[in-house]
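Scroll down for the structure; my scribbles are underneath it.
The values are calculated or read from the model by the stated rules, or taken from the named source; none is laboratory data. Remember, predicted model here, so these are calculated numbers, not experimental data. Virtual Cβ from ideal backbone geometry, glycine too; neighbours counted across all protein chains shown. Please note that ligands, DNA and RNA were not included when accessible areas were found on the heavy atoms of the full protein model with its side chains. Shrake-Rupley method; radii C 1.70, N 1.55, O 1.52, S 1.80 Å.
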Amino acid sequence: MIALEAAVERKAYRREGREVAAISALRFAVPAGQFACIVGPSGCGKTTLLSIIAGLDRAYEGSVRGPAVAGRLGMVFQTPRLMPWLSVRENVRLALEPPPRQEGRAEELLREMQLGALLDAYPAQLSGGQQRRVALARAFVRDPDLLLLDEPFLSLDAPTAQHLRELLLALWARRRPTILFVTHDLREALSLGDRVLFLSAGPAHVVLDLPLELARPRAPESAAVEALRKRLMESYPDLLRGLAAPSSAESAA
């Protein structure tokens, strides 16, 4: 079953008195339960695309539809966006629809995220990685049909980022939402996805739709991922320039 169909014919901005096209003739469909990654050069419109799919930006030509779009939506941003005056459990409970607030649901998921000892802590008391885990728990707590992630592990150190990737995959394997995961890191996309959609420089459109058949689990630094990355770089050097930054270059949170 197709969970999401996106056909963004045109999305443009006004910049310095002129219209700039951000997306043009961008079309793809995602089956239910698929983990799809989206990569592309910086500034190509990846975040704009997620905003359109989430319904946050309606100023475009085209359509986004499907059962996942009409269902429950979860979203994780580049920053955790936690409410500093609320505790960890209260931040996650915010995403639950009252009444009632599904007693114990937030706490159960936070324990799955290895945050059971920090339920009553506040965001300022958490590390960057812990804050990202709270944001993931908040996105998953409603059992979303569609989960949109916009470079959620950006700027974390490599071990923390990999730990969060493993937690994300474990949650996805148990709950099977349809996922769109935006990243600029080709290794990350190859290690996570069932499929990778490569976007062009703006105006963005899909230039390569790559199904992945590598066995799971697969770490970003694994031999299989590295071999595939090298083959892609050799086959599509212009397309993939700037998408192969090593995970070890990720800065500490």
Using a 1.4 angstrom probe on the protein heavy atoms only, line up 160, 183, 47 by accessible area, largest first. 47, 160, 183
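For residue 223 and residue 5, what is the calculated FRET efficiency with R₀ set at 35 Å and r taken between the beta-carbons, to the nearest 0.05?
Details: r = 36 Å, r/R0 = 1.02.
Taking R0 as 35 Å, the efficiency between residue 223 and residue 5 is 0.45.
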At a Förster radius of 25 Å, what calculated FRET efficiency corresponds to the Cβ-Cβ distance of residue 94 and residue 175, to the nearest 0.05? 0.85
Express in Å², to the nearest 10, the accessible area of residue 46 obtained by rolling a 1.4 Å probe over the protein heavy atoms while all chains stay in place. 20
Percent antiparallel among DSSP beta bridges confined to segment 108-253, nearest 5, equals 50
Using a 1.4 angstrom probe on the protein heavy atoms only, could you order 231, 142, 105, 14 from most to least accessible area? 14, 231, 142, 105
With springs only between Cα atoms under 10 Å apart, run a GNM on the chain and tell me which of 151, 221, 234 wobbles the most. 234
Starting from the 7 Å offset along Cα-to-Cβ, what nm value, one decimal, do you get for the label separation of residue 19 and residue 114? 5.1
Quick calc: nm separation of the 7 Å Cα→Cβ label points for residue 216 and residue 155 -> 2.9
